[in-house]
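Everything on this sheet refers to the single structure shown next.
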Amino acid sequence: MASDDWAAMAAEVYGSFSPGSPIKLQGDLAGREDQAGRLRGIVLSSGEHALIYGERGAGKTSIANTFHLSLHSDTRRIHSIHVNCGDNDFSAIWRKVFRRVKVESDAERRSLDQFYPETITPDDVEIELSNFRINDIPIIILDEFDQISDPRTKILMTETIKSFSDHTIHAKIILVGIAGNAGELIAQHASISRALKQVQMPRLSLAELEAIVTTRYKRCGLRSDDEALFQMAFLSRGLPYYAHLIGRHSALAAIQKKKVFVDVEDVFLGLQEAIKEVDQTITEAYLAAIVSQRNEETLYEPVLTACAPAESDDLGQFQQAAVSAPLSEIAPRKPAYTPTTFAFHMNEFCEDKRGRILSRVGEARNYRYSFTDAMMQPYVIIRALQSGRLKRATFQKFIARRQRSLAV
Ligand SMILES: Nc1ncnc2c1ncn2[C@@H]1O[C@H](COP(=O)(O)OP(=O)(O)OP(=O)(O)O)[C@@H](O)[C@H]1O
Ligand SMILES: [Mg+2]
């Protein structure tokens, strides 16, 4: 191929992978058939609304953007309005929604919010949203619901959903937010469990992560082998954001070498660029967690690095003892580490002064740890591989162990 063709292929790769933005087309979404099917069922069932919740970066906004696209028909029109709540109160959130609803008034098209110069109440919302014709279904998506700090706003939202359900308003409310369970997001969630159906967004499987990469490679005229695909999917730890980021940079590394076949070497080469593109908030949180008083060598960074490949359960939780083995390889020393050597560091990682980079549950002596932000764990591994702190051989060893445990 001529150099223009390689440049065109690189441009295609940039366009195909979208680490920076949620998915907007149904065909671009890997997996999620169950969740999308459930959400469509909720929209078509009278009196039901939905709460989409899950870890940061799991793909909540992407499913909210796309699940309803196939519901359009000759007799049914879907009007989706998607707003981010931010730290706003009830009235401000619904004002954002009303600004996106156009109404004809005195032969003039105005937005609905102009009719509400003052506060917008739950009753105003109910009245306005009951005005739609039966074949026009508004779907109001209130995203980033976790950002709301005002408890009263949450209570009013619960009341609104309850009255929508009781009065069978056919407009639908979909709440979306980062949470481990519904109770973290919703006020009095038990009282609206019949009206507000919970749809959890789990991490993607290895096969689904591989599909994110292969479908896009195919589009760009690229190929890859099983080993490289496995590494990309494994490094992503179930989070589609990383599959996009690593898939993109592995491809660019191959294209730079004028190859259309992406192999394991390209994956590891691609990490060097991928790490530079990772969300700045993650880099900052990492640096805040490992900081040392006088810039001296401490165990904070090695211990945090060793937490990332530590053997964990289905919930991503690991015990302190599981950190010893990777730590011995990352920062070898004699005598070997025992959990007491680094108990202090693990404790501090759970405290405010180190940004609570780890969370801890259970009883003393039997604590189970996890990364508080799901996006952090892949970052720690990628950063350590890229800096050489984590040797590829060590990484492979832990992958091999996990592969075996997956095979049992
Ligand atoms: N099923 C999927 N298939 C392919 N790519 C996906 C899928 N789900 C999400 N993505 C991609 O993953 C990234 C994160 O997705 P998204 O923004 O929807 O997650 P989120 O859960 O809303 O994140 P946040 O918690 O930060 O709001 C985006 O780059 C998006 O393009
Ligand atoms: Mg989102």
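The values are calculated or read from the model by the stated rules, or taken from the named source; none is laboratory data. None of these values were measured; they are calculated from a predicted model. Ideal geometry is used to build each Cβ from the backbone, glycine not excepted, and the neighbour counts take in all protein chains shown.
Some observations on this one:
- Pair list, Cβ < 6 Å and 6+ apart or interchain, from region 363-376 residues that are closer than 17 Å to Leu235 by Cα to residues that are among the hydrophobic types (A, V, I, L, M, F, W, C): Met375/Ile282
- Filtering region 123-139 to residues that are β-branched (Val, Ile, Thr) and more than 33 Å from the chain's Cα centre (by Cα) leaves Ile127, Ile134.
- For region 56-84, taking the residues that are within 11 Å of ligand 2 (Cβ to nearest atom) and of a type outside the set (S, T, N, Q), the one that is farthest from the chain's Cα centre (by Cα) is identified as His82.
- Qualifying residue in region 113-126 (condition: in contact with a strand residue (DSSP E or B) (Cβ under 9 Å, 6 or more places away or on another chain), more than 30 Å from Pro19 (Cα to Cα), in a strand (DSSP E or B) and more than 16 Å from ligand 2 (Cβ to nearest atom)): no
- Any chance Lys218 is within 16 Å of ligand 1 (Cβ to nearest atom), surrounded by fewer than 19 Cβ atoms within 10 Å (Cβ to Cβ) and either within 22 Å of Arg360 (Cβ to Cβ) or of a type outside the set (S, T, N, Q) (or both): yes
- Residues of region 273-299 classified as surrounded by fewer than 16 Cβ atoms within 10 Å (Cβ to Cβ) and touching a Leu at 6+ places or on another chain (Cβ under 9 Å), total: 1
- Residue match in region 54-77 (condition: closer than 24 Å to Glu184 by Cβ and assigned to a strand (DSSP E or B)): yes
- In region 167-200, residue farthest from ligand 1 (Cβ to nearest atom) [restricted to those that are without any contact (Cβ under 8 Å) to a residue 12 or more places away in the chain and not in a loop (DSSP other than H, G, I, E, B)]: Ala190
- Residue match in region 94-107 (condition: at negative phi, in the same structural domain as Ile52 (by TED's automatic domain parsing), of a type in the set (S, T, N, Q) and in contact (Cβ under 8 Å) with a residue 12 or more places away in the chain): no
- Scanning region 170-184 for residues that are out of contact with any Leu (no Cβ under 6 Å at 6 or more places or on another chain), buried (at least 22 other Cβ atoms within 10 Å of the Cβ) and of a type outside the set (Lys, Arg) gives Ile173, Ile174, Val176.
- Boolean, Met1 is more than 16 Å from ligand 1 (Cβ to nearest atom) and touching a Gly at 6+ places or on another chain (Cβ under 8 Å): no
- Residue that is nearest to Arg194 (Cα to Cα), among those in region 15-38 that are out of contact with any helix residue (DSSP H, G or I) (no Cβ under 7 Å at 6 or more places or on another chain) and assigned to a helix (DSSP H, G or I): Arg38
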